[in-house]
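This report concerns only the one structure given below.
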């Protein structure tokens, strides 16, 4: 008799949150189960956390307006960090890897059972890949989002050394040549919507025709990419811009889609000391001072959602 056992990713977090049962797996898969008609959480599943406005890369479309002399946040002092729950995911911007409190912060989060995913530009990734590899092996970093500059064979081979690496691309910035270079290498891709705030607003005004041409190309080619990558995912803005719902059946969409902005996430800018529904918010009346607990902040976000 031959017994075939399907290899499944390791379960790394299993907990209750509001009316839902959450399971998080080593490969980044998250499963949310509830017996109710609607998911109602007591605290966020993940948060987009800005820890620095300092970066020397100078992306012309940077929505955070990062500069080489930008400010670092104090990422050890805020009291809400003590209220983070086991299994919560944080997405932080690593930028130039020069935040003086970064190591202490990552160790603190790891010891609390919080899963930190770092985002970094491709050029900085190539420069600091050995340091990043060490942080991943020590479980101080769980996942790594790498913002694409230009797809090259060297870059693709290096990314493959990081099991939980996801290549971040922007709708309107991604080039056709880069798409073709990355096809059929077993890579994970996250498509982000174009943000016309910060330097992104001026860049759009100056390059509007080019942006629209690239966005149209990605829209058209997207159905052919589904089977060319191990995973393709989208942020909510890209879902809207690219009508990603057209790629799957309604039943599958209901299973995969994890809710509108604020349903299970929100954004914190620790440099400016504010939190908001998402990182696109610029209206001062919707930028709230950071509070003492993550539950209090999430309740504010939930209230804002209900008012919409």
**Prompt:** So is residue 46 under 30 Å from residue 205 (Cα atoms), under 16 Å from the mean Cα position of the chain (by Cα), in contact (Cβ under 8 Å) with a residue 60 or more places away in the chain and surrounded by 15 or more Cβ atoms within 10 Å (Cβ to Cβ) or not?
**Reply:** no
**Message:** Of the conditions (1) surrounded by fewer than 14 Cβ atoms within 10 Å (Cβ to Cβ); (2) without any contact (Cβ under 8 Å) to a residue 40 or more places away in the chain; (3) farther than 23 Å from residue 302 by Cβ, residue 248 satisfies every one except a single condition; which number is it?
**Reply:** (1)
**Item:** Matching residues in segment 211-229 - criterion: being part of a helix (DSSP H, G or I) and either touching a strand residue (DSSP E or B) at 6+ places or on another chain (Cβ under 6 Å) or in contact (Cβ under 8 Å) with a residue 24 or more places away in the chain (or both)
**Value:** 211, 212, 214, 215, 217, 218, 219, 221, 222, 223, 225
**Prompt:** Do we have residue 117 as more than 21 Å from residue 11 (Cβ to Cβ) and within 12 Å of the chain's Cα centre (by Cα) here?
**Reply:** no
**Message:** With the structure loaded, tell me whether residue 275 is free of Cβ contacts under 8 Å to residues at least 40 places away in the same chain, in contact with a strand residue (DSSP E or B) (Cβ under 7 Å, 6 or more places away or on another chain) and surrounded by 16 or more Cβ atoms within 10 Å (Cβ to Cβ) or whether it fails that test.
**Reply:** yes
**Prompt:** Out of curiosity, is residue 270 surrounded by 14 or more Cβ atoms within 10 Å (Cβ to Cβ), touching a helix residue (DSSP H, G or I) at 6+ places or on another chain (Cβ under 9 Å) and modelled with pLDDT of 90 or more?
**Reply:** no
**Message:** Residues to consider are 48, 14; find the one that is touching a strand residue (DSSP E or B) at 6+ places or on another chain (Cβ under 9 Å), under 30 Å from residue 208 (Cα atoms) and not in a loop (DSSP other than H, G, I, E, B).
**Reply:** 48
**Complete:** Exactly one of 86, 64, 90 is in a loop (DSSP other than H, G, I, E, B), under 19 Å from the mean Cα position of the chain (by Cα) and under 18 Å from residue 28 (Cβ atoms), and that residue is 86
**Message:** I'd like to know if segment 70-83 contains one or more residues that are buried (at least 19 other Cβ atoms within 10 Å of the Cβ), part of a loop (DSSP other than H, G, I, E, B) and in contact with a strand residue (DSSP E or B) (Cβ under 9 Å, 6 or more places away or on another chain).
**Reply:** yes
**Asked** Looking at segment 191-201, which of its residues are in a loop (DSSP other than H, G, I, E, B) and either within 14 Å of residue 211 (Cα to Cα) or modelled with pLDDT of 95 or more (or both)?
**Response** 193, 194, 195, 196
**Prompt:** Hey, which of the helices (runs of 4 or more DSSP H) in segment 112-190, taking only ones fully inside, have at least 3 residues that are modelled with pLDDT of 95 or more and surrounded by 20 or more Cβ atoms within 10 Å (Cβ to Cβ)?
**Reply:** 122-137
**Asked** Which residues, taken from segment 27-41, are under 26 Å from residue 139 (Cα atoms), touching a residue at least 60 places away in the same chain (Cβ under 8 Å) and outside any strand (DSSP E or B)?
**Response** 27, 28
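Rundown of residues vs (1) under 24 Å from residue 221 (Cα atoms); (2) under 12 Å from the mean Cα position of the chain (by Cα), yes/no style:
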{"residue": "133", "(1), (2)": "no, no"}
{"residue": "136", "(1), (2)": "no, no"}
{"residue": "141", "(1), (2)": "no, no"}
{"residue": "146", "(1), (2)": "yes, yes"}
{"residue": "150", "(1), (2)": "yes, no"}
{"residue": "166", "(1), (2)": "yes, yes"}
{"residue": "181", "(1), (2)": "yes, no"}
{"residue": "186", "(1), (2)": "yes, no"}
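The values are calculated or read from the model by the stated rules, or taken from the named source; none is laboratory data. A quick note: this is a predicted structure, and the numbers were derived from the prediction, not measured. Every residue, glycine as well, gets a Cβ built from its backbone with ideal geometry; the counts of neighbours run over all protein chains shown.
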